[in-house]
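Engineer: One structure coming up, written as structure tokens, with questions to follow.
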Amino acid sequence: MIDKLVAFALKRPKLIFSIILLLVLASLAAFTRVKVDTDPENMLPEKEFVRVFNHEVKKEFTIYDYVVLGVVNEKDPNGVFNPETLEKIYKIAGQVKKIDGVIGYELMSLANKDDIEQAGPGAISFRWLMGEPPYTSADALRIKTRALENPLFYDTLISGDGKALCIYVPIKAKKLSYRVARSIQKVLKEYSGDEQYYLTGLPLAEDAFGVEMFWQMGISAPLAVLVIFLLMWWFFKHVALVIMPLVMAIIVVIITMGLLVWLGFPIHIMSSMIPIFLLPISVLDSIHILNEFFEKYRTFKDKNKTISYVLNELYRPNLFTSLTTVAGFFSLSFAPIPPVQVFGIAVAFGVALAWVLTVLMIPAYIALLDEKKMGSFGVHEDDIGKGRLSRSLAAWGRFTVLRWKQVLFASVALIALSIYGITRIHINDNPTRWFNRKHPIRVADKVLNKHFGGTYSVYLVLEAKDKDAQVFLEPQMLRYIQGLQGYLFEKGSVGKSTSLADVTRKVYYELLGGTKKNKVIPPTPQAVAQTLISFENSHKPDDLWHFVNPDYSRANIWLQLPSGDNQQMSEVVRQVDKFFKMNPAPFALSYNWAGLTYINMVWQNKMVGGMLINFLGSFIIVLFMMTVLFKSPVTGLLSMLPLTVTILFIYSLLGFTGKEYDMPVAVLSALTLGLAVDFAVHFIERSRMFYAENKSWPKTAQEMFGSPARALIKNALVISIGFLPLFASPLVPYNTVGFFMFAIMLVASIATLMILPALITGFPWLVFEETKVKAVCSCGKCILMSIIIASTVAYILLGYKLARLNLTTIICVAVIAVLSGTCWLVSRQKTCKDGT
Amino acid sequence: MRKLLVFLAVLFFAAYSWAQELSVDEIVSKANNASYYQGKEGRAKAKMVVTDAQGRKRERQLTILKLNLKAGGDQKYYVYFHKPNDVKGMSYIVWKHVGKDDDRWLYLPAMDLVRRIAASDKRSSFVGTTFLYEDISGRSIDLDEHELIASDPAYYTVKNTPKDAALVEFSYYTVKIDRNNFVPMRAEYFDKTGKPYRTIEALEVKDIQNYPTVTRMKAMDLNSNSDTVTEFSDISYNIGLNDSIFTERFLRNPPQQWLKE
């Protein structure tokens, strides 16, 4: 079949290119409808409980997503509490309120908050904390004293040391935060001075990441293409030939993305990574082909003949590697996260397309090339194997064959070490840390969380079982909440919390004349109610409804966390669970979480867990495919070995270096599988081809460490070095991708070229004897085969939710039992015994 | 001669209609009297329903007693809470002064506590409703500059600009006043950017003891999207309220005869 395809491509190159050009143009046209969705919340389906609940809570307690503007003055001895700074803040708050997309009415700043205080004996007053900018230092310090005494402001709007204050800017929608932040920056330009301004907050981090990610796509991806081009040029020394695979890779990206857009999928954080994944995978096949073409051209001295020969030679391994990669990515469609499904299917499609285009375009392109201009292309047969690379590879080959035991021993040691490293992996993520340390958002995050209780908001919502009992007017209940807040603060994961108990206590304290012993919850529900209605006499009575609903059946505790790490959030959740378990509430209630920090934890946990299961699933499916392709479960397993070592080793690096297992890392595991197995496929497939000719492993090994090994190493070098520019990106996930590409390619190629030859030297039957003995004749092999099939079936059934766990388990056990039984019977057949 | 007659006639009508058009200060003063100074004293029950942006409703029921010391001048108010149940018995006294800050006292029965509320300004919420203190007791007319911006057969429209803009959150407000009885029918407040952000409307006006009286009114906050509708009932004027009721002593011992439900 391949012959016909290649012949067709060589004969009708112009037709092929016209069709491809049309496809590209159509895809480009589709881009006019592109929709961008950078909201990580969409990692969860819209109907997911936590999202629905979050929405409900935001509405019920009129909470918004906030951009946090921090103002720090380290120069003035009184910090921000000097007339000049406060005047600036007053004016900034006024201007920020007017920015389109900001809910001005709900802006939280010193200039927009009401304060209750005693005004002489027996008198209280409600007045704006900063109704107008102060004129004198004394006025400014008075504001400081008042703000520090108010639990609603302390550590939220102003820092304990008085050096910093925060303005919480509520925004209409999260996706506006980047634009709003830019408008705020414009406002800030007019107010330069001793003050430092910082902008942060999860919504901003998320939205800014989305925006900057597209910038990075525009810089990093082309840069990677450029570096790959330069490397290939250096290897093959022919611009026209080298350009082709790259153009093809770009075409693959354009068509895949165009199709995605055309089908109406928004470009999400995940799908924006598609090009970065597709580029290296798409050129892999071509590099093998080019390498072979480069080495054989001088032999044939005819470009068409050479390419026919090369494609014939590489047809099977290229098909296998593409198929396994497709399978690996396609299995992402089982993931419980919609954008990951889209991503997996799109990459799988892209890889398949890359294979088709490689088979069609490369010969078509070569057909169009002017033979005369090929000039000195290629190496003379005599020169093959004389380069430094070739000599080293040959030596390498001899070494692995000769010292196979040592190699295997080292491998086992490495595996053990890697497993130890993996046990030290920390699973954690935090969108703010998707930026590197020098990024303004990261800097702001660090500075503000040093001064304040925390810029990461979470809401713990308590709900009374008895909705009509006005439970949250009960003093016991408020004291219970106060106890919970105290417990959390003491444990240290929560920097600051604010609740109805704080409001009640503060107002009651001022009403009673403000002595220390009055900093308590009023004694009766009536006293609580009257205290709160007194609060409602203020300028901002609605502030009460951020903490309780008007029925007093639901209360909201606002927790501020100094870090958006999943681990920190999980820790807080654990502590709250523990508190509720240890201290039963005075009234029956349930509790739930809302807020971006919590949502992030949920989807990231789901993602990390989901990707792990997915990864195991892809592993099984790829193993199954290998078994089928090599017609042997043992060879199948063998081909998975270098990849297993690679993955174990790379992930152990996370454990050893302390880099956290986060969302990008989780996604990259799929890539590891897709790329790393390719080397083994090429190695085993071509070894078998050579072995079929010369029937001698040492000779085969020698040949393997010639052209195939060179292709392998070139591949590894091209991709690993090609993606190094990603290290320069200010976005950490891009650095991660860069590192993974680099590590996967290098480690996988080395592992393949070490472990496989060593193992084959020791146990040649693993690869070669298989062809002689039918698999069905060996009971052990057959049971292995059955297990692989059964797990594949189980994984697919479970992945697509075609079956429940219990039913599937039964089916699998049955399948394994039946197949193994059959194996045993078949292996006792006479023909088999004769065969062995 | 005829020309002269025509001229005189024109002059006469012009003078007449000019005399009919009141000065803006007169209009404002009459409107102030119509809304806050009807009768010598009086009482009314008020039911206030706050509806927030989510449609949740909260109710307050209270009795208001009022005594005019001088028409257009100082006044005293006594406000007693019947509902919600938890705040029953809570009461306020307001001594409204023209030309200086009001005196306000608050009584919280659950703590048996009387507190004077130092009125730094009166534009704070009236017990959590969309009405402000100033809406209940009236804003002194000499705090604003008044300007008649429209006059049609039914209404005068007056624009009121504060003399000291720093003291209030609005930049100006307009009031539409019924030409016949000088009852303000609708007030609209504009924020510092010139955007309307709150309105107060008279929904129903009844003649009670010959005093045109607003019996239903609605305040809307366009920022928070909430509103409060106040319904007055059992309104009666000149019932013989005694000045002594409006003292701290009566906060703790409410004048039950006037507060019956």
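Engineer: Taking the simple approach of a point 7 Å from Cα along Cα-to-Cβ for both A:Thr32 and B:Glu59, what is their distance in nm?
Structural biologist: Taking the two extended label points, one gets 6.0 nm.
Engineer: Okay, moving on. Considering only DSSP states other than H, G, I, E and B, which trypsin sites (Lys or Arg not before Pro) in region A:1-95 qualify as loop sites with at most 10 other Cβ atoms within 10 Å?
Structural biologist: Working: sites: A:Lys4, A:Lys11, A:Lys14, A:Arg33, A:Lys35, A:Lys47, A:Arg51, A:Lys58, A:Lys59, A:Lys75, A:Lys88, A:Lys91; in loops: A:Lys35, A:Lys47, A:Lys75.
Taking region A:1-95 and a limit of 10 other Cβ atoms within 10 Å, the loop trypsin sites (Lys or Arg not before Pro) found are A:Lys35, A:Lys47.
Engineer: Set the Förster radius R0 to 60 Å, insert the Cβ-Cβ distance between B:Ala154 and A:Val443 as r into 1/(1 + (r/R0)^6), and round the FRET efficiency to 0.05. Walk me through the numbers before you get to the answer.
Structural biologist: On the way: r = 62 Å, r/R0 = 1.04.
The value I calculate is 0.45.
Engineer: Can I ask one more? Shape verdict for chain B, please, from the Cα gyration tensor: rounded (a/c under 1.5), prolate (a/b greater than b/c) or oblate. Show your work: numbers first, answer last.
Structural biologist: Numbers: a/c = 2.13, a/b = 1.72, b/c = 1.23.
Note, shape of chain B comes out prolate.
Engineer: Determine the dipole magnitude for chain A: charges of +1 sit on the beta-carbon of Lys and Arg, -1 on that of Asp and Glu, nothing else is charged, the reference point is the Cα centre, and the result goes in debye to the nearest 20.
Structural biologist: Numbers: 82 positive and 64 negative charges, 554 e Å.
In total the dipole reaches around 2660 debye.
Engineer: Under the classification rounded if a/c is under 1.5, otherwise prolate if a/b is larger than b/c and oblate if not, where does region A:600-729 fall, given a ≥ b ≥ c as square roots of the Cα gyration tensor eigenvalues?
Structural biologist: Here region A:600-729 falls in the oblate category.
Engineer: Would you mind checking which residues have amide H under 5 Å from A:Asp429's amide H? H placed 1.01 Å from N; only 5 or more apart, or other chain.
Structural biologist: For A:Asp429, whose amide H was placed from the backbone, the distant partners under 5 Å are A:Asn566, A:Gln567.
Engineer: Another one. Could you work out how far helix B:24-36 tilts from the main Cα principal axis of chain B, as a 0 to 90 degree angle to the nearest 10?
Structural biologist: Tilt relative to chain B: about 30 degrees.
Engineer: Right, here's the next one. Around B:Thr130, which amide H atoms from residues at least 5 apart in sequence, or from another chain, sit under 5 Å from its own amide H, with H modelled in the peptide plane?
Structural biologist: Close amide H contacts, sequence-distant or interchain: B:Thr228.
Engineer: Nearest 10 degrees, 0 to 90: what angle lies between the long axis of helix A:440-451 and the longest principal axis of chain A (Cα atoms)?
Structural biologist: So the inclination is approximately 40 degrees.
Engineer: Which loop trypsin sites (Lys or Arg not before Pro) in region A:439-507, with loop taken from DSSP, have no more than 14 other Cβ atoms within 10 angstrom of their Cβ?
Structural biologist: Values: sites: A:Arg442, A:Lys446, A:Lys450, A:Lys465, A:Lys467, A:Arg479, A:Lys491, A:Lys496, A:Arg505, A:Lys506; in loops: A:Lys465, A:Lys467.
Those that pass, being in a loop and sparsely packed, are A:Lys465, A:Lys467.
Engineer: Let me ask you something else. Across peptide B:206-215, what mean number of C-beta atoms from other chains lies inside 10 Å of a residue's C-beta? Write out the running numbers ahead of the final one.
Structural biologist: Numbers: counts 0, 0, 0, 0, 0, 0, 0, 0, 0, 0.
The per-residue average across the peptide is 0.
Engineer: Given the rule -39500 (n - 2.57) for each run of at least 4 DSSP H residues, summed and divided by the residues of chain A, what is its mean residue ellipticity at 222 nm, to the nearest 500 deg cm²/dmol? Working shown, then result.
Structural biologist: On the way: 27 runs with 526 residues, N = 836.
Mean residue ellipticity at 222 nm (helix-derived): -21500 deg cm²/dmol.
Engineer: Ranked by Cβ crowding within 10 angstrom, fewest neighbours first, how are A:His539, A:His288 ordered?
Structural biologist: Working: A:His539 22, A:His288 26.
Ascending Cβ contact count within 10 Å gives the list A:His539, A:His288.
Engineer: A follow-up question, please. Pick out, from B:Pro153, A:Ser390, A:Val528, the residue whose Cα sits farthest towards the positive end of the charge dipole of the protein assembly as shown, with +1 on the Cβ of Lys and Arg and -1 on the Cβ of Asp and Glu.
Structural biologist: A:Ser390
Engineer: Rounded to the nearest 0.05, what FRET efficiency do B:Ser236 and B:His97 have when you use their Cβ-Cβ distance and R0 = 30 Å? Let's see the in-between values first.
Structural biologist: Values: r = 26 Å, r/R0 = 0.86.
It comes out at approximately 0.70.
Engineer: Then there is this: So, counting K/R as plus one and D/E as minus one, what does the shell of residues with Cβ under 12 Å around B:Pro153 add up to?
Structural biologist: Values: positive: B:Arg179; negative: B:Asp152, B:Asp178.
Residues near B:Pro153 contribute -1 overall.
Engineer: Ignoring chymotrypsin sites (Phe, Trp or Tyr not before Pro) that are buried or in helix or strand per DSSP, and keeping those with at most 16 other beta carbon atoms within 10 Å, what is the longest stretch of chain A between them?
Structural biologist: Values: sites that count: A:Tyr135, A:Phe587, A:Tyr800.
In chain A, the maximal stretch lacking such sites is A:136-586.
Engineer: Further question: Could you give the length gained by full extension between B:Gln209 and B:Asp25, i.e. 0.36 nm per residue of separation minus their alpha carbon distance, to one decimal place?
Structural biologist: Values: separation 184, 0.36 × 184 = 66.24 nm, distance 2.67 nm.
Extending this stretch completely gives an extra 63.6 nm.
Engineer: Right, another one. Would you mind giving the mean number of other chain beta-carbons within 10 Å of the Cβ of each residue in A:522-529, as a whole number? Write down the numbers at each step before the final one.
Structural biologist: Details: counts 3, 2, 3, 3, 10, 7, 2, 8.
Per-residue shielding by partner chains comes out at 5.
Engineer: What is the sum of charges around A:Met754, taking Lys and Arg as +1, Asp and Glu as -1, for the other residues whose C-beta is under 14 Å from the C-beta of A:Met754?
Structural biologist: +3
Engineer: Next question. Can you sort B:Thr51, B:Thr193, A:Thr455 from fewest to most other Cβ atoms within 10 Å of each residue's own Cβ? Write down the numbers at each step before the final one.
Structural biologist: Details: B:Thr51 17, B:Thr193 11, A:Thr455 31.
The most exposed by this proxy come first: B:Thr193, B:Thr51, A:Thr455.
Engineer: State which stretch of chain A is the longest one without any exposed GluC sites (Glu not before Pro), exposure meaning a DSSP loop state and at most 10 other Cβ atoms within 10 Å. Could you put the intermediate results ahead of the total?
Structural biologist: Details: sites that count: A:Glu46, A:Glu190.
Between exposed loop sites, the widest span is A:191-836.
Engineer: Just from its helices, what would the mean residue ellipticity at 222 nm be for chain B, if runs of 4 or more DSSP H residues each count -39500 (n - 2.57) and the sum is divided by every residue, rounded to the nearest 500 deg cm²/dmol? Walk me through the numbers on the way to the answer.
Structural biologist: Details: 5 runs with 46 residues, N = 261.
That comes out to -5000 deg cm²/dmol.
Engineer: Can you put A:Leu10, B:Leu132 in order, fewest other beta carbons within 10 Å first?
Structural biologist: Values: A:Leu10 19, B:Leu132 22.
Placing the least packed residue first, the sequence is A:Leu10, B:Leu132.
Engineer: Still on this structure: At a Förster distance of 45 Å, what's the computed FRET efficiency of A:Ile219 paired with B:Ile141, Cβ-Cβ distance as r, to 0.05?
Structural biologist: Numbers: r = 66 Å, r/R0 = 1.46.
So the FRET efficiency works out to roughly 0.10.
Engineer: On to the next question. Using a simple spin-label model with points 7 Å from Cα along the Cα→Cβ vector, what separation in nm is obtained for B:Arg216 and A:Ile2?
Structural biologist: The two pseudo-label positions are separated by 8.6 nm.
Engineer: If you plug each phi of region B:108-114 into the Karplus form 6.51 cos²θ - 1.76 cosθ + 1.60 with θ = phi - 60°, what whole-Hz ³J(HN,Hα) values come out, in order, with x for Gly and Pro?
Structural biologist: In residue order, the calculated couplings are 10, x, 5, 10, 6, 10, 9 Hz.
Engineer: Further question: Please give the length that would be gained between A:Tyr135 and A:Ala692 if that part of the chain were fully extended, namely 0.36 nm times their separation in residues minus their C-alpha to C-alpha distance (nm, one decimal).
Structural biologist: On the way: separation 557, 0.36 × 557 = 200.52 nm, distance 9.37 nm.
Difference between extended and current length: 191.1 nm.
Engineer: Label 7 Å along Cα→Cβ of A:Asn605; region A:433-459 residues with amide nitrogen under 20 Å?
Structural biologist: Hits in region A:433-459 for A:Asn605 at 20 Å: A:433, A:456-459.
Engineer: Same structure again: With a sphere of radius 15 Å drawn around the Cβ of A:Asn436, what net charge do the other residues whose Cβ falls strictly inside it have (Lys, Arg +1; Asp, Glu -1)? Kindly include the intermediate steps, with their values, before the conclusion.
Structural biologist: Details: positive: A:Arg433, A:Arg437, A:Lys438, A:Arg442, A:Lys446, A:Lys659; negative: A:Glu212, A:Asp445, A:Glu660, A:Asp662.
For residues surrounding A:Asn436, the net value is +2.
Engineer: Quick one: angle between helix A:707-722 and the longest Cα principal axis of chain A, in degrees between 0 and 90, rounded to 10, please.
Structural biologist: With both axes taken from Cα atoms, the answer is about 20 degrees.
Engineer: Let me ask something else. Could you work out how far apart the two model spin labels at A:Asn436 and A:Lys578 are, taking each label as a point 7 Å from the Cα in the direction of the beta carbon, and quote it in nm?
Structural biologist: Here the answer is 3.8 nm between the modelled labels.
Engineer: Restrict the search to region B:75-144; then list the trypsin sites (Lys or Arg not before Pro) that DSSP places in a loop and that have at most 14 other Cβ atoms within 10 Å of their Cβ.
Structural biologist: Numbers: sites: B:Lys76, B:Lys88, B:Lys96, B:Lys100, B:Arg104, B:Arg115, B:Arg116, B:Lys122, B:Arg123, B:Arg139; in loops: B:Lys88, B:Lys100, B:Lys122, B:Arg123, B:Arg139.
Sites meeting the loop and neighbour criteria: B:Lys100.
Where a number appears in this text, it was derived from the coordinates with a stated rule and is not lab data. Predicted, not measured: the structure shown is a model, and the values here were computed from it. So basically every Cβ, Gly included, is an ideal-geometry build from the backbone, and we count neighbours across all protein chains shown.
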